[in-house]
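Single-structure report; data block below.
The values are calculated or read from the model by the stated rules, or taken from the named source; none is laboratory data. Everything quoted here is computed from the prediction, not taken from an experiment. Positions of Cβ are generated from backbone atoms using ideal geometry, with glycine treated the same way; all protein chains shown enter the neighbour counts.
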């Protein structure tokens, strides 16, 4: 009987994807690799610098400026081709690799990702793990298929004494539980 682990998503079954694995005896995290080549552009090369100039020079921003900035300032979603299964009282934390910030100037804009157990096999994306990255360095970062981009850590979580029963089922994929 399987309790927790990783599987390859159907979309990537013939793409030579490796399942995440720990690298040392005491590693808490399972290294997660990119499923395909991608480029993470430098935020300094994006057109949002115009908005920063307006703010710095004391100009009042209008709704069009805000909408423009929101369209430009988006993290790059890195496909992994894998999904995670776990018991209902566990979650998978997607955390940055320390070498990403020190050597590559890559960060997770949400600090960590929380993957709930009911994300597995959801109808929108089969539960594929995605890694959000922002490049705060000046050079574009080229990620090759198979490069380690994050780490996954399985954890139990606790509920409060007055936790109300929840009957709502997950119906969406990435970010679907936001209101």
Of the residues in the range 53-65, those that are exposed (fewer than 11 other Cβ atoms within 10 Å of the Cβ) and on the phi < 0 side of the Ramachandran plot number 7
For the range 91-113, which positions are surrounded by 14 or more Cβ atoms within 10 Å (Cβ to Cβ) and in a strand (DSSP E or B)? 91, 92, 93, 94, 95, 106, 107, 113
In the range 1-22, which residues are touching a strand residue (DSSP E or B) at 6+ places or on another chain (Cβ under 7 Å), in a loop (DSSP other than H, G, I, E, B) and either at positive phi or modelled with pLDDT of 95 or more (or both)? 4, 9, 17, 18, 19, 20, 22
Which one is surrounded by the most Cβ atoms within 10 Å (Cβ to Cβ), of the residues in the range 133-144 that are closer than 17 Å to residue 31 by Cβ and in contact with a strand residue (DSSP E or B) (Cβ under 8 Å, 6 or more places away or on another chain)? 133
Test: residue in the range 38-52 that is at pLDDT below 90, touching a strand residue (DSSP E or B) at 6+ places or on another chain (Cβ under 8 Å) and either surrounded by 12 or more Cβ atoms within 10 Å (Cβ to Cβ) or not in a helix (DSSP H, G or I) (or both): yes
Filter the range 106-118 down to residues that are more than 10 Å from the chain's Cα centre (by Cα) and more than 17 Å from residue 34 (Cα to Cα), then give me how many there are. 3
